[in-house]
Structures are given as structure tokens and as C-alpha cells.
Amino acid sequence: MLRLWSCISKENEKGSNYQIRIRYIFSFGAVIDLIAILPSLVALFYPSIDLRFIRALRIIRLLKFSRYSGSINSLISVLWDQRRSFGAAFFLLFIALIVVSSGMYLVEKDVQPEKFGSIPQSMWWALVTLTTVGYGDVYPITSVGKLFGSISIILGIGTVALPAGIMASAFTEFTRRNQKKYEDKLKFMLKDDVIDNDEREELKLLSEKLNLSDEDIGAIEDLYKTKKK
């Protein structure tokens, strides 16, 4: 309740106090808080209800540690920015899962009905194969099944590599944008060729917000000085 009351004091918040509080109620941190304390509140008013198993949800409070980690915040930002790309990648994975499980069902259903007796049963093998986990508890035994399984493994490597490539490219672009923001701020502050203590502190806070390392900052400053010369 205190957080709800004081959230209007945050900087750069737009809108009326009512709108700010409504946005806070539906924010990630507030939802996590609600889920964590809700079982205790319900048990307080309805002691006859056994909600001990729901109290295990309190562990999701660990997700709130992300606010103290710039790296986790960067990861969340990248995932959100690339949500459409990841959605397309996982849609392709879903299609491959359906095709592979259907194919393996057709070639192995007669010799292994207990493992490939239906397409949903075959999906377990298809999933662990496409994700390159390969538990080895279910595998084809016919020649055609082994050939199809080999093709599925190769397909799985490409399917898994696609989200990894999207993530790597997105992180690179995210870091480049952050470096550009820091460089623009540095360029603005160096218009008078002097950076005072207040400006240096502002640059430090910006670097922490952008999750830039000391090496990144040093490289940016050296590069800007070289360009200026």
C-alpha cells in the first residue's frame, strides 16, 4: 500500500496521480507482490481453506531481483523488443514439431505402438530431437525411421540456431544503441570542452542505466576524442 501511495513521486511519470497508480497496479513488480501475499491474505479471512501449496508461489518474488541487475533488465528489454521475431521462430519450431511427429508416427507406429502409437505420443521424441536434447528413452528402430530421425536431427539444429541467432543479433544491436546514447550525451557535455563533477556523475548514472562496462565507456571516450582531433 505504501508503494502504491508513493509511486507518484517517481521521475518522468506522465499522467495524473490516478493514472500513475493504475499503471503501477498492473506493473510487473506489483503483480509479483500481489501473487506472493495473496495466499496469506486469503488464509487470514478464510482460515479453513488450505492454501499451503499456493504459498510456494512466494518464490516468484525472486523475479523482482531483476530490478537490481542491469544485465537481466537488458535481457528482458531485448526479449520484448524481439518478441515478434521470437514468435515467428517458435511458430516454425511448432510446425516442425507437428511435421516430424506425424512422420515418425507413420513410419514407426506398427513396430513401436507403445512409443509411437499416436501423433501426440510421437511429439515427445520430436521435441527432444528438435531441441537437440536427445534423452534416448524413445528412438526409431526401423531403417526408414532412422533415416527420418537423422533428417529431423539436422532440422533441429537449424531450428534451435534460429532463436540463438536472433538473440545474439538483438543483443549486439541493443549494446550499439546504448553506446550511441552515451556517446551523444558525452558529445553534448563536451561542447564547452569541460566535464565538471555533476556532469561526470550524470554520465556515471547513465552508464549504469544503459548497463555499459568501464571498458565500453573508455572505448567510447577514446573514440570520441580521436574523432574530435
Discussion item. Treating only the Cβ of Lys, Arg, Asp and Glu as charged (+1, +1, -1, -1), what charge dipole size does the stretch 127-192 show about its Cα centre? Round to the nearest 20 debye.
Written reply: 360 debye
Response to the item:
Of the candidate values [x] 1.52; [y] 0.92; [z] 1.10, the one computed for Cα Rg over 2.2 N^0.38 Å from this structure is [x]
Fill in: Student exercise, the chain dipole from Lys, Arg, Asp, Glu Cβ charges, in Debye to nearest 20
500 debye
Discussion item. Run the reach check for LYS209 against aspartates and glutamates, Cα to Cα strictly under 18 Å, same-chain hits fewer than 8 apart removed. What comes back?
Written reply: GLU11, GLU13, ASP81, GLU173, GLU183, ASP184, ASP198, GLU199, GLU201, GLU221
Worksheet entry | Mean separation of Cα contacts under 8 Å, 6 or more apart, over the residue count of the chain: relative contact order % | 14 percent
Worksheet item: Of LEU155, LEU44, LEU79, which has the largest mean-square fluctuation in a 10 Å C-alpha GNM of the chain?
Response: LEU44
Item to complete: Please name whichever of VAL100, TYR135, GLY165 sits farthest to the positive end of the charge dipole of the stretch 69-229, dipole taken about the Cα centre and charges placed at Cβ: Lys and Arg +1, Asp and Glu -1.
Response: VAL100
Worksheet item: What list of ³J(HN,Hα) couplings, whole Hz, do you get for the stretch 124-135 from phi and the Karplus terms 6.51, -1.76, 1.60, once you set θ to phi - 60° and write x for glycine and proline?
Response: 4, 4, 4, 5, 5, 7, 5, 8, 6, 7, x, 5
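The numbers here are math on the coordinates, done by the rules we state, and not lab data. These figures come from a predicted structure and were not determined experimentally. Don't worry about glycine lacking a Cβ; one is built from the backbone with ideal geometry, like all the others, and counts go over all protein chains shown.
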